[in-house]
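Q: So that we are looking at the same thing, I have put the structure below in structure tokens.
The values are calculated or read from the model by the stated rules, or taken from the named source; none is laboratory data. Remember, it's a predicted structure, so these values are computed and weren't measured experimentally. Positions of Cβ are backbone-derived with ideal geometry, glycine not excepted, and every protein chain shown enters the neighbour counts.
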Ligand SMILES: Cc1cc2nc3c(=O)[nH]c(=O)nc-3n(C[C@H](O)[C@H](O)[C@H](O)COP(=O)(O)OP(=O)(O)OC[C@H]3O[C@@H](n4cnc5c(N)ncnc54)[C@H](O)[C@@H]3O)c2cc1C
């Protein structure tokens with residue numbers, strides 16, 4: 001058994017996960033009556049996926065497929081099944097996960113508990129919109145089936161419920177029919193955020209997936225260089241491309257703290273933009289389009305021993321772009337330009353989850369190396385700006401927001417408390433719920 005921390009690696013804690021294989025083992029563990037957290041692959045950046053006080057359960061070995069109907073695309077499996085495994089089984093049959101995060105190294109349970117979003121929020125909503133039922137194991141009342149019609153409140157509080165309402169045992173997902181395993185991708189450069197808004201608005205109806213990368217070094221009152229990628233499935237079965245080999249690299253050791261620095265990242269961001277200065281079109285595999293970061297295993301080690309923070313917020317549509325610009329200008333003024341910046345638009349589909357992060361608006365994810373107090377001060381200032389704009393932060397990425405910030409951003413937190421499983425907790429929850 002090995003120690004673990006979450007993806008941001010900002011924490012020194014080394015914890016020993018307790019893996020279970022059978023449901024009975026889970027039930028026995030819960031009888032011990034100690035505080036517990038249950039995690040999947042701990043791809044959350046902050047502290048939602050562990051507790052430093054109590055037992056850390058992990059669903060890694062709880063990964064059985066229960067049934068998959070190739071005709072209807074209905075898939076039922078254990079909560080520890082990974083997206084990587086789901087794709088391996090479903091894509092060759094012409095089905096794909098309806099909503100995919102930017103890595104396939106996540107578990108079904110983790111995707112539900114954070115109600116993850118993808119590049120197609122404007123078309124499909126978030127992951128919870130595609131779950132037809134789930135089974136929950138609660139220390140207080142045992143196994144419970146939940147769906148939009150059965151135990152509805154427990155269902156809607158479990159989706160996006162941060163693993164606090166019970167252990168998700170199994171879930172049923174409606175997969176999405178795909179015409180092929182490849183996508184036609186257009187990369188369109190923009191010079192400022194107004195142009196971004198125009199291109200993304202124009203792409204919303206005709207493209208299934210949209211996402212933008214931003215060169216945060218280029219931000220000024222009038223400029224912001226970036227590239228909007230938009231994609232649809234190629235409309236034939238292009239099986240020849242499915243054989244394209246998936247090149248994978250690994251970062252073998254944690255890099256020295258100075259390895260990634262602002263000079264190198266400035267160079268990278270400028271070169272990347274220049275390489276895409278003209279509109280390009282390409283056919284890409286599912287892996288190449290959805291999971292470019294998965295090509296390098298353990299890329300988080302590049303940030304060194306102090307790790308990094310990803311700050312992800314969503315801001316309502318009307319003020320969204322202006323507020324995002326304000327964040328980027330402020331970061332530049334403070335000499336702390338994010339190493340990576342990704343911008344997406346959330347559509348109008350309401351989330352099923354009461355505590356879900358997505359809401360209509362613009363969402364930006366900004367990666368900052370952990371430079372201690374300086375970084376925390378910058379992010380606290382960001383919180384102030386986001387609060388003022390009626391936006392909110394994504395708990396899956398958070399490691400530091402104050403309880404008052406969380407409780408204003410998630411006022412439904414008060415009603416959510418009645419659905420908590422008293423045995424389940426996380427460092428995140430203990431931090432924000434006081
Ligand atoms: C490179 C990268 C790209 C990403 N891109 C996106 C993105 O585009 N969109 C997005 O929304 N997120 C994204 N994420 C975040 C990631 O998708 C979520 O944090 C996801 O929840 C991680 O899944 P996991 O299996 O690792 O869960 P963990 O991180 O282990 O756990 C996440 C939460 O789920 C709970 N949980 C896990 N299993 C269970 C269970 N069986 N029962 C009850 N609760 C459970 C945990 O307690 C915790 O609260 C990205 C992360 C990375 C590293």
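Q: Among the candidates 300, 261, 257, which residue alone is exposed (fewer than 14 other Cβ atoms within 10 Å of the Cβ) and either modelled with pLDDT under 75 or farther than 30 Å from residue 204 by Cα (or both)?
A: Answer to the selection: 261.
Q: Would it be correct to say that residue 305 is closer than 24 Å to residue 401 by Cα, assigned to a helix (DSSP H, G or I) and either more than 21 Å from the chain's Cα centre (by Cα) or free of Cβ contacts under 8 Å to residues at least 24 places away in the same chain (or both)?
A: Taking the combined requirement at face value, the residue does not satisfy it.
Q: Could you identify the single residue in 349, 375, 280 that is away from the ligand (no atom under 16 Å from the Cβ) and at pLDDT 95 or above?
A: Going through 349, 375, 280 in turn, just one is away from the ligand (no atom under 16 Å from the Cβ) and at pLDDT 95 or above: 375.
Q: Can you tell which of 168, 159, 144 is in contact with a strand residue (DSSP E or B) (Cβ under 6 Å, 6 or more places away or on another chain), within 14 Å of the ligand (Cβ to nearest atom) and within 19 Å of residue 116 (Cβ to Cβ)? Step through it out loud before you land on a result.
A: Values: 159 fails: in contact with a strand residue (DSSP E or B) (Cβ under 6 Å, 6 or more places away or on another chain); 144 fails: within 19 Å of residue 116 (Cβ to Cβ).
Exactly one of 168, 159, 144 is in contact with a strand residue (DSSP E or B) (Cβ under 6 Å, 6 or more places away or on another chain), within 14 Å of the ligand (Cβ to nearest atom) and within 19 Å of residue 116 (Cβ to Cβ), namely 168.
Q: Between a first residue in region 410-428 that is in contact (Cβ under 8 Å) with a residue 12 or more places away in the chain and a second residue that is surrounded by fewer than 19 Cβ atoms within 10 Å (Cβ to Cβ) and assigned to a helix (DSSP H, G or I), which pairs have beta carbons less than 7 Å apart while being 6 or more apart in sequence or on different chains?
A: That search, which allows pairs on different chains as well, returns 413/407; 419/153.
Q: Filter region 112-132 down to the residues that are touching a strand residue (DSSP E or B) at 6+ places or on another chain (Cβ under 8 Å) and part of a loop (DSSP other than H, G, I, E, B), then identify the one that is farthest from the ligand (Cβ to nearest atom).
A: Ranking the candidates gives 120 first.
Q: Filter region 285-301 for residues that are out of contact with any helix residue (DSSP H, G or I) (no Cβ under 8 Å at 6 or more places or on another chain) and outside any helix (DSSP H, G or I) and give the result.
A: 291, 296, 297, 298 - these are the residues of region 285-301 that are out of contact with any helix residue (DSSP H, G or I) (no Cβ under 8 Å at 6 or more places or on another chain) and outside any helix (DSSP H, G or I).
Q: Take the residues of region 391-411 that are in a loop (DSSP other than H, G, I, E, B) and out of contact with any helix residue (DSSP H, G or I) (no Cβ under 9 Å at 6 or more places or on another chain): which is nearest to the ligand (Cβ to nearest atom)?
A: 394
Q: Give the residue, chosen from 190, 127, 184, that is at pLDDT 95 or above and under 23 Å from the mean Cα position of the chain (by Cα). Write out each step before concluding.
A: Working: 190 fails: under 23 Å from the mean Cα position of the chain (by Cα); 184 fails: under 23 Å from the mean Cα position of the chain (by Cα).
Step by step, each of 190, 127, 184 is checked, and only 127 is at pLDDT 95 or above and under 23 Å from the mean Cα position of the chain (by Cα).
Q: Moving on. Can you tell me how many residues within region 83-95 are more than 13 Å from the ligand (Cβ to nearest atom) and in contact (Cβ under 8 Å) with a residue 12 or more places away in the chain?
A: Result for region 83-95: 8.
Q: Still on this structure, I have one more. Identify all residues within region 341-362 that are under 22 Å from residue 290 (Cβ atoms) and part of a strand (DSSP E or B); write none if there are none.
A: 341, 342, 343, 344, 345, 346, 362
Q: Checking residue 98 against (1) in contact with a strand residue (DSSP E or B) (Cβ under 9 Å, 6 or more places away or on another chain); (2) part of a loop (DSSP other than H, G, I, E, B); (3) more than 26 Å from residue 288 (Cβ to Cβ); (4) more than 8 Å from the ligand (Cβ to nearest atom): exactly one of these is not met. Which one?
A: It fails just one condition, (3).
Q: OK, next. So, restricting to strands (runs of 3 or more DSSP E) that lie completely within region 133-205, which ones have at least 3 residues that are closer than 27 Å to residue 395 by Cα? Break it down into steps so the answer makes sense when it comes.
A: Details: elements: 142-146, 167-174, 182-190.
Strands (runs of 3 or more DSSP E) meeting the threshold: 142-146, 167-174.
Q: Go through region 322-339 and give me each residue that's more than 23 Å from residue 262 (Cα to Cα) and crowded, with 17+ Cβ neighbours inside 10 Å.
A: The one that is more than 23 Å from residue 262 (Cα to Cα) and crowded, with 17+ Cβ neighbours inside 10 Å: 323.
Q: Restricting attention to strands (runs of 3 or more DSSP E) lying wholly within region 17-82, give those where 2 or more residues are farther than 19 Å from residue 113 by Cα and more than 13 Å from the ligand (Cβ to nearest atom). Steps first, answer last, please.
A: Numbers: elements: 36-39, 55-58, 65-69, 74-78.
In region 17-82, 65-69 are the strands (runs of 3 or more DSSP E) which contain 2 or more residues that are farther than 19 Å from residue 113 by Cα and more than 13 Å from the ligand (Cβ to nearest atom).
Rundown of residues vs (1) surrounded by fewer than 24 Cβ atoms within 10 Å (Cβ to Cβ); (2) more than 15 Å from residue 324 (Cβ to Cβ), yes/no style:
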{"site": "341", "(1), (2)": "no, no"}
{"site": "349", "(1), (2)": "yes, yes"}
{"site": "355", "(1), (2)": "no, yes"}
{"site": "365", "(1), (2)": "yes, no"}
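Q: OK, next. Contact list please: Cβ distance under 7 Å, first residue in region 104-126 and within 22 Å of residue 164 (Cβ to Cβ), second residue assigned to a helix (DSSP H, G or I) and near the ligand (Cβ under 7 Å from one of its atoms), pairs at least six apart or on different chains.
A: Going by the 7 Å Cβ cut-off, the qualifying pairs are 114/396.
Q: Taking residue 388, is it farther than 14 Å from residue 314 by Cα, free of Cβ contacts under 8 Å to residues at least 60 places away in the same chain and either more than 14 Å from the ligand (Cβ to nearest atom) or within 21 Å of the chain's Cα centre (by Cα) (or both)? Please lay out each step first, then the result.
A: Numbers: farther than 14 Å from residue 314 by Cα: no; free of Cβ contacts under 8 Å to residues at least 60 places away in the same chain: yes; either more than 14 Å from the ligand (Cβ to nearest atom) or within 21 Å of the chain's Cα centre (by Cα) (or both): yes.
For residue 388, the condition - farther than 14 Å from residue 314 by Cα, free of Cβ contacts under 8 Å to residues at least 60 places away in the same chain and either more than 14 Å from the ligand (Cβ to nearest atom) or within 21 Å of the chain's Cα centre (by Cα) (or both) - is not met.
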